[in-house]
Amino acid sequence: MDWLLWLIWTVWMAGSLLSMVNALLYRHFRSQQDQRWLDSKNEINQKKVCWIVAMKGFDKQLTETFFKSLITQSYTNYRIIFTFESDQDEGYTWLRNHLGVTEKKAVWYPSISSGLESVSLLVAGPAKDCGQKVHNQITAFASLRQDDEIIAFADADIICPPETLSRLVVPINMGHFDVMTTFRWLIPGDAHPATLFGSVINASCATMGGHVFLNTAWGGMVAVERETFDELRIPDRFSRVLSDDLTLNSVVKRSGRTIGFVRSLIVPSPVQFTWYDLFEFGSRQYFMVKFYSIKLYLSAYEVTGFYLAGFISSIIAITCLNNPLGWLPLVAVMLSDQVRAFCRRKIYQYQFRHQPETVRSLDKTILIEHLCTPIWMGLQFIFVVSVLFKNKITWAGIRYRVKAGGNTTVLSHKS
């Protein structure tokens, strides 16, 4: 019995220590990246970027700010394609009216000289055998031009500082990577416990990026060099799937290529969760992972499972078995968690140093980050387990069925 306890405790302590060390060294690795890729002495040819955004709906607090952030990028050579399911979509209507374009010629050209060449609006129609987001992207692929040298993607629930696109694609322009990505940091829009827990859970994933062997493409901000895009036949690979980013991740890694991650580019994404919203969001993430990245899904079981097993068994050993040695792993892990939480706060304070309101919002998560790790690890474990036998999911009002292998069927559209 003792050997089993110490096996669990050893793995538990090792995982906590690695998490702490990763957070502790994050700023050092970020600084190294920035020195390598943002050196003003570098002479970089800015290849033409086609930035594709699959949108749905209109958010009064976010959409206009998001759009403005996209069209005011400092990059000197890019165009944007927005794609929608329907021309009745509120976001499509707002953009068309805002830009003053007609339905027959939904292309807008900026009136002042900038790096932005044009903004195009496309209507994809309803999806039948793939995710609606993926269907919208495939429609945009048909409008790619020969001079589009980098294909980039963005989600419409983030805010992009002016240097976002430049910093995302500079490693591609320098020839260091064929695929680049980053991640989001969920910014609490209120003080609801579900919102705060969601932000902390997401932060644990955001700060893992940067190590090549761990990097995973995130569809909210990713760029692919055009030659790689064509060689991997991305439009064909996206056919009949629900997840764009995990599919891209799988295709890229099977080809033997690596994915780069820009540590200093993590973008803010405002959120507000109820407990129902958080469960729906978390379970949807792991539903995708289960079908499109089984290794990542199994690793989620290992990380959350061993943490909970270690915590629960140490408490039982102390309180029920009168085993004082249970204090050793418990104290070691709790101390590691405090250091990790302190370092993670320093990460977002620097990341959003020019956005004091964002930092103040994230400071609401401090107590959860420091004192509630067993709880938010338990929540993640619930998310992982909840999708074990599921093959149907509702996302953005559309009901899907996903079969083994990832093939997707649309079951119904919300009217």
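Values in this text are rule-based calculations from the coordinates and carry no lab data. Please read all numbers here as calculations on a predicted model, not as lab measurements. Neighbour counts are summed over all protein chains in view; Cβ atoms, including those assigned to glycine, are modelled from backbone coordinates with ideal geometry.
Structure values in brief
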read-out	value
Additional length obtainable on full extension of the chain from F342 to S31, 0.36 nm per residue less Cα span	110.1 nm
Relative contact order of the stretch 283-378, defined on C-alpha pairs under 8 angstrom at six or more residues apart (%)	26
Distance (nanometres) between label positions extended 7 Å along Cα→Cβ at T258 and T93	4.9
Other-chain or far-sequence residues with amide H under 5 Å of T216's (modelled H)	none
Hypothetical label at S239: residues of the stretch 105-133 whose amide nitrogen lies under 15 Å (7 Å Cα-Cβ projection)	128-131
Helical contribution to [θ] at 222 nm, DSSP H n ≥ 4, -39,500 (n - 2.57), averaged over the chain, rounded to 500	-16000 deg cm²/dmol
Over the stretch 69-226, relative contact order from alpha-carbon pairs under 8 Å, at least 6 apart, %	26
Charged-residue dipole, Cβ positions (Lys, Arg, Asp, Glu), the stretch 351-404 about Cα centre, Debye nearest 20	500
Between helix 275-292 and the chain: long-axis angle, C-alpha atoms, 0 to 90°, nearest 10	80
Relative packing of 315-326, 23-34, which averages over residues the other C-beta atoms within 10 Å, highest first	23-34, 315-326
Segment R145-R360, extension gain: residue separation times 0.36 nm, minus the distance between their alpha carbons	73.1 nm
Nearest-ten-degree value, helix 2-37 long axis tilted from longest Cα axis of the chain	40
Nearest-ten-degree value, helix 373-386 long axis tilted from longest Cα axis of the chain	60
Pairwise FRET efficiency - K295 versus H176, Cβ, R0 = 35 Å, nearest 0.05	0.90
Rel. contact order, % - alpha carbon contacts under 8 angstrom, at least six apart, the chain	20
Two-site label geometry, E64 and C320: point separation in nm, points 7 Å out along Cα→Cβ	5.8
Cβ charges +1 (Lys, Arg) and -1 (Asp, Glu), total dipole of the chain, debye	360
Along each principal axis, Cα extent of the chain, largest first, Å	76, 54, 42
Virtual spin-label span in nm between L17 and A332, 7 Å along Cα→Cβ	0.6
Residue among F311, S86, L335 farthest towards the positive dipole end of the chain, charges placed on Cβ	F311
Spatially near lysine pairs across the stretch 309-415, Cα under 18 Å, sequence gap of 8 or more or different chains	4
Ranked packing of 110-117, 252-259, 79-86, most packed first, by mean Cβ within 10 Å	79-86, 252-259, 110-117
Listed residue (I151, F238, S264) projecting farthest to the positive dipole end of the chain, Cβ model	F238
Length gained when the stretch E163-W3 is fully extended (0.36 nm per residue, less Cα-Cα span)	52.3 nm
Those lysines that a straight Cα-Cα span of less than 16 Å connects to K253, excepting residues fewer than 8 apart in one chain	K295
Share of alpha-carbon pairs per 10 Å distance bin for the stretch 270-415, given as whole %	10, 27, 31, 22, 9, 1, 0
